[in-house]
Amino acid sequence: MLALITQLFPLWALLLSVLAFFQPELFVGIKGQIVPLLTIIMLCMGLTLSIHDFRNVIASRKALLVGVILQFSVMPVVALLIALLFGFDAELTVGMLLVGSVAGGTSSNVMCYLAKGDTALSISMTAISTLLGVVLTPVLVALLVGQSVDVPVQSMLISLLQVVVAPVLLGVGINYFAGGLIRKLDPVLPLFSMAAIVLIVAIVVALNVDNIAHIGGIVALAVVLHNSCGLLLGYGITAMMGFDKKVCRTIAFEVGLQNSGLAAALAMKFFTPAAALPGTLFSVWHNISGSLLAGYWAKKSLVETAAASPEAGSKLASKG
């Protein structure tokens, strides 16, 4: 039952978004809770990680390195190109770049598992990209739009340390010292994360009622295109590099599914509600597209192909 409720995340996000659109007064008053809600999400993520997950970095270092490079190159560049293609103003451009420059979303781990990907690699990539994103997210946004928009790099860095690194490391520590208790809570943790994300989405929708009415459609189209490019390029580039299908599926999800809740929270804290609109729409859409793709891949036979190297292939194929 709990798993079904979690899997229906896109539905809950959509329903609460509709409620927030027509009754924004219900959520506008709690806009100050976005950062605490995000902290809850990152703590829950940390609780699901263990020291062993980080050790997988050594075993899967080649695939992980490629995936992280794609994560912080493909998505930011594609975000900027789409923003230019659609002629977005500075606020929406920053919003698109924040979505493109944050780490992979935790939903990628679930989608990877459902799609018969390399779950251990997925978890490792999410953990490493989350930690690297603390520095790379503000730096990438500043590099790509810093000439036209004032990007508070130092403030964003400090905020990310507080909201991302601290709760994640706290969660890992709690998992290490109280692993038995955490395993009992495993079925419930996704519900806390889902509820927090849905609330963030609803708050941002409530603060953007006018913007959604006027430009919501075009931003939604941009978000769908951004997500699709991430999934396609994540899979296509790794396939051309010779990785097996299990790894290609994993990296596709890691590249295409972003921590858009974090992007929306950063946009609200350092920019404007309009800048949070791409992150909000991405939060809903990437769970829909990810679920559909995971369902499709789950039905497809997984035929291993030659990996980039015999050593990497033997290690990577043994995971998941």
If you take the residues in segment 23-38 that are under 17 Å from M194 (Cβ atoms) and either modelled with pLDDT under 85 or open to solvent by 50 Å² or more (accessible area, probe 1.4 Å) (or both), which one is nearest to the chain's Cα centre (by Cα)? L38
Answer yes if at least one residue in segment 124-141 is open to solvent by 10 Å² or more (accessible area, probe 1.4 Å), closer than 21 Å to M268 by Cα, more than 16 Å from the chain's Cα centre (by Cα) and free of Cβ contacts under 8 Å to residues at least 12 places away in the same chain, and no otherwise. no
Please go through segment 154-169 and pick out each residue that is surrounded by 18 or more Cβ atoms within 10 Å (Cβ to Cβ) and within 16 Å of A263 (Cβ to Cβ). M156, S159, L160, V163, V164
Subset of segment 170-195 [closer than 21 Å to H52 by Cβ and open to solvent by 50 Å² or more (accessible area, probe 1.4 Å)]: L170, I174, Y176, F177, L181, R183, K184, L185, D186, P187, P190
Helices (runs of 4 or more DSSP H) lying entirely in segment 55-117 (those with 1 or more residues that are modelled with pLDDT of 80 or more, of a type in the set (S, T, N, Q) and open to solvent by 10 Å² or more (accessible area, probe 1.4 Å)): 90-101
Inspect segment 185-194 for any residue being under 21 Å from P10 (Cα atoms) and under 14 Å from the mean Cα position of the chain (by Cα) and give the result as yes or no. yes
G234 vs. criteria in a helix (DSSP H, G or I), touching a residue at least 60 places away in the same chain (Cβ under 8 Å), closer than 25 Å to L19 by Cβ and among the small types (G, A, S): no
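The values are calculated or read from the model by the stated rules, or taken from the named source; none is laboratory data. Note that this is a predicted model, so its numbers are computed, not measured. Glycine gets a Cβ as well: all are built from the backbone with ideal geometry, and neighbour counts include every protein chain shown. For accessibility, only protein heavy atoms count, side chains too; no ligands or nucleic acids. Shrake-Rupley method; radii C 1.70, N 1.55, O 1.52, S 1.80 Å.
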